[in-house]
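Contents: one structure, followed by commentary.
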Amino acid sequence: MTMANYLKQGAAVPDERGYYGEFGGRFVPETIIPALDELKAAYEQAVDDPAFVQELMHLQRTYTGRPTPVTYAKRLTEHLGGAKIYLKREDLAHTGAHKINNALGQALLAKRMGKQRVIAETGAGQHGVASATAAALLGLDCHVYMGEVDIARQQPNVFRMRLLGAEVIPVSSGSRTLKDAINEAMRDWVTNVRSTFYLLGSALGPHPYPKMVRDFQSVIGHEAREQIQEEAGQLPDVCIACVGGGSNAIGLFHAFRDDENVDFIGVEAGGLGVDTDKHAARFGDLSISRPGILHGTRSYVMQNEDGQIMETHSISAGLDYPSVGPEHAYLRSLERAYYTSATDEETLEAFQALSQLEGIIPALESSHAVAEVIKRAPTMSKDSVILVNLSGRGDKDLDTVIKALEGSL
Amino acid sequence: MTAPTRTFGLEAISQMFQQAETENRAAFLPYFPIGYPDYDASIEAIAAMADAGVDGFEIGISFSDPLADGPAIQVATQKALENGTTVRTCLQAVRALRERGITQPMLMMSYANPLVAYGTEQFVLDAKAAGADGLIVPDLPPEEAGYFADVCAREHMALVFFLAPTSNDARIKLAAEKATGFIYVVSLTGITGERRDLSTDLSQIMANIRRLTDTPLVLGFGISTPEHARMMNGLVNGFIVGSALVRAANQGTDAVSKLAQDLRNSLD
Ligand SMILES: Cc1ncc(COP(=O)(O)O)c(C=O)c1O
């Protein structure tokens, strides 16, 4: 498979100021504005430097195990009796999720910029593990902020990070989940801005992060677009991915952006149902979600009438976040992408279905995307094709699932 | 409504700096969040500081995710939110303080999202009507402030921007061009909170900024003791103290009043 420089695909968005239509921007304290300028310049230089691109691609191939395959989910397809279902297997990437694509890219950039200390936030722990891994590989010091609630529900990943030599810093403020971990990481960055690289884990935050993370993750779609044509003999009718901050989804969608007949579906965390207030469906419940500013970017934000950020709920730590990357808000406003949600219950069913029908235990985040496949495939004709991003594997979630399914397993 | 008897907005702020300058000292602007420890106590604390002769106020509107703030202000503003404090409550507090005869300039400090949720233009109009003189928004750099800036300019309300030790000449020039009222200079790379010692290169940081602008410069972050305050004379046009006053509020209004008095006296 040929591997062009997927970091330089030349997209219409964002503009120079980091805007995707009316979304995006840089709403951060002045102290870190110069650091964002420095980061943007360094990133632009790096993607123009063949040595940087080659080193990244070499690591993708020899360390991450890319390209990850596209798998035809034959039994799931037969079981649902509609569209043919193909899985993009990011669960097979080293560390078990797509997060490594971005972490390696940014860690290489940190090294190039001469920043020895990297900090990261993590929800499910997958980005923390990916950051700790990249830091170990490249000899950087890594400090990961993680909410106490997430530490409790993603224990294996906490141990993994520590084993890899990273410091895990528990966050006890606010809702003690991903949102608060980002607050603490930003506070650390404001304080140590000269020596520290902030390795942000999703397609959110101030410009240039949403673009940089998208570009690093776009390897997913770049590979999958060729692979699906080989395997299925056509482009997919629809691409489906779960949306936390939105990095695995934008990483899949981006390569198909000019394929007008390929639909995009993002799946948010429906929690206990979008008609309750226990979910993280930023696009699914416009009674409590509207454009606002959180963590340096303008996008949809779950908030009360007074502009205070709401606590969210999801069975999956990685989707438990009250805002969403600005490019998704933009794609939605253009009606280029469509967003829906899966409840905790639907997610657990999908988790089991994929395990039993395909022998693949998916991450709870990814199971949201599978839940949408289960709803949609039967409504589609047998010659249509669904490409779903299996963003990660489910080993980290076994505790949560065992508790949720108590008695029935 | 009776016509305001005091000057307001940009003019009031500029008079504040002139007055301090004639007295050969820096202006002292306490930060205090409305609703901490509770609504009434915050009003009393601010009124007591006004009596102590402070020059102006940064009136805090609380936000659930204050990412430029350290633990002291995080805890206080969280408490204020738990007490049911809203943007409306904060505007009501400013009105109540004006009705009590407090004449010092007041700037509303808020993160961007509560103001956007309220409606930017409506907020500026309501803040002005309540008796506020300007806005301080720590996550709103000048290049993102277009609409805020237009509305504030139209209403003669100050819109303060920040500079930090990391700001280069281009950033200093941008803040100088866009800020009205004053420029808020952050004394260190970091978040709010008391520090035992202030940075040793403060005079260099200030001189570097002063080279490029005549706008009044107000220093904040870390300043907490009368010794620190005394260093402000001749260095800056004004300074802000927040965390230390919030901490004093744990011991009651008298402690806030005493600290404000000590800080103010150290300037003479
Ligand atoms: C496996 C997996 N998928 C998806 C996500 C959600 O993140 P994003 O929306 O950025 O892809 C996470 C986040 O932790 C994850 O671990």
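The values are calculated or read from the model by the stated rules, or taken from the named source; none is laboratory data. Keep in mind the model is a prediction, meaning the values are calculated, not measured. Quick reminder, even Gly has a Cβ in these numbers, built from the backbone with ideal geometry, and neighbours come from all protein chains shown. The area values use the complete protein model at the heavy-atom level, side chains included, leaving out ligands, DNA and RNA. Shrake-Rupley method; radii C 1.70, N 1.55, O 1.52, S 1.80 Å.
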*Enter the accessible area of B:R6 (Å², nearest 10), with the probe set to 1.4 Å and all protein chains included.*
50 Å²
*Under a GNM of chain A (C-alpha, springs under 10 Å), which listed residue has the highest mean-square fluctuation: A:D383, A:D344, A:D37?*
A:D383
*Over all residues in A:186-196, what is the mean tally of Cβ atoms on other chains that come within 10 Å of each residue's Cβ?*
4
_Positive end of the dipole of the protein assembly as shown, charges at C-beta (+1 Lys, Arg; -1 Asp, Glu), about the Cα centre: which of A:Q155, B:P37, A:G296 has its Cα farthest in that direction?_
A:Q155
*asked:* Quick query: amide H of A:T343 versus all other amide H atoms, modeled in the peptide plane; which residues come in under 5 Å with a sequence gap of 5 or more or a different chain?
replied: A:G270
*asked:* Counting each pair of different Cα atoms once, what's the Kirkwood radius of the range A:238-303 in Å, rounded to one decimal?
replied: 13.0 Å
_P(r) histogram, all alpha-carbon pairs of the protein assembly as shown included - 10 Å bins from 0, percent_ = 3, 16, 26, 23, 16, 10, 5, 1, 0
*Cα extents of the range A:1-96 along the three principal axes, largest first, in whole Å?*
55, 35, 25
_Accessible area per residue for the protein assembly as shown in Å², computed with a 1.4 Å probe and the full protein assembly in place, what is it?_
35 Å²
*Relative to the compact-globule scaling 2.2 N^0.38 Å, provide the ratio for the alpha-carbon radius of gyration of the range A:37-139.*
1.32
_For the interface of chains B and A, what total accessible area is buried with a 1.4 Å probe, rounded to the nearest 100 Å²?_
2800 Å²
*What's the local net charge at B:V124, with K and R +1, D and E -1, over the other residues with C-beta under 13 Å away?*
-3
*Computed E for B:N233/B:D150 - FRET, C-beta separation, R0 35 angstrom, nearest 0.05*: 0.45
*Between the range A:116-139 and the range A:191-245, how many Å separate their Cα centres?*
17 Å
_Over the range B:137-262: Kirkwood hydrodynamic radius from C-alpha pairwise inverse distances, Å_ = 15.5 Å
*the range A:311-352: which GluC sites (Glu not before Pro) are DSSP loop and have at most 13 other beta-carbon atoms within 10 angstrom?*
A:E335
*Give the accessible area for A:R112 in Å² (nearest 10); use a 1.4 Å probe, count only protein heavy atoms, and leave out ligands, DNA and RNA.*
100 Å²
*Quick one: length gained pulling A:R117 to A:D275 fully straight, 0.36 nm per residue minus the C-alpha distance?*
52.6 nm
*Name the shape class, rounded, prolate or oblate, that the alpha-carbon gyration tensor gives for the range B:28-262, where a ≥ b ≥ c are the square roots of its eigenvalues, rounded holds for a/c under 1.5, and otherwise prolate holds if a/b is larger than b/c and oblate otherwise.*
oblate
*Go through the range A:28-53 and flag every residue whose accessible area shrinks by 40 Å² or more with all protein chains in place compared to the isolated chain (probe 1.4 Å).*
A:P29, A:E30, A:T31, A:P34
*Of all the accessible heavy-atom surface of chain B, with the other protein chains kept in place and a 1.4 Å probe, what percent is carbon and sulfur?*
49 percent
*Taking amide hydrogens as modeled 1.01 Å from N in the peptide plane, which residues meet the under 5 Å criterion relative to A:L140, leaving out close sequence neighbours?*
none
*Residue mean of other protein chain beta carbons inside 10 Å, B:128-141*: 2
*Could you work out Rg/(2.2 N^0.38 Å) for the range A:328-409, with Rg from alpha carbons only?*
1.21
*Pairs of Cα atoms under 8 Å, at least six residues apart: use those to get the relative contact order of the range A:110-239, whole percent.*
25 percent
*Each label point is 7 Å from the Cα along the Cα-to-Cβ direction; what then is the distance between the points at A:L286 and B:Q15, in nm?*
4.8 nm
*asked:* What does the C-alpha gyration tensor say about the overall shape of the range B:1-151? Classify as rounded when a/c is under 1.5, otherwise prolate if a/b is larger than b/c, or oblate.
replied: rounded
*Estimate the FRET efficiency between B:D40 and A:F159 by the formula 1/(1 + (r/R0)^6), using the beta-carbon distance for r and 56 Å for R0, to the nearest 0.05.*
0.70
*Just order A:199-207, A:142-150 by mean Cβ neighbour count inside 10 Å, highest at the front, would you?*
A:199-207, A:142-150
_In whole Hz and in residue order, list the ³J(HN,Hα) couplings for the range A:45-53 that follow from phi through the Karplus curve 6.51 cos²θ - 1.76 cosθ + 1.60, θ = phi - 60°; x for Gly and Pro._
5, 4, 6, 8, 9, x, 5, 5, 5
*Could I get the Rg over Rh figure for the range B:90-210? Both from C-alpha atoms, Rh via Kirkwood, rounded to two places.*
1.00
*Tell me the label-point distance for the pair B:E23, A:R17, using the 7 Å Cα-to-Cβ offset, in nm and rounded to one decimal.*
4.1 nm
*Assuming a ≥ b ≥ c are the square roots of the Cα gyration tensor eigenvalues, decide whether the range A:192-318 counts as rounded (a/c under 1.5), prolate (otherwise, with a/b larger than b/c) or oblate.*
oblate
*Please give the residues from the range B:53-73 for which the solvent-accessible area of heavy atoms, probe 1.4 Å, is smaller by at least 20 Å² with all protein chains in place than with the chain isolated.*
B:F63, B:S64, B:D65, B:L67
*For each pair in A:K8/B:K173; A:K99/A:K179; A:K111/A:K396, compute the distance between the two Cα atoms and list the pairs where it is over 26 Å.*
A:K8/B:K173; A:K111/A:K396
_Where trypsin sites (Lys or Arg not before Pro) fall in DSSP loop in the range B:88-141, at most 12 other Cβ within 10 Å_ = B:R100
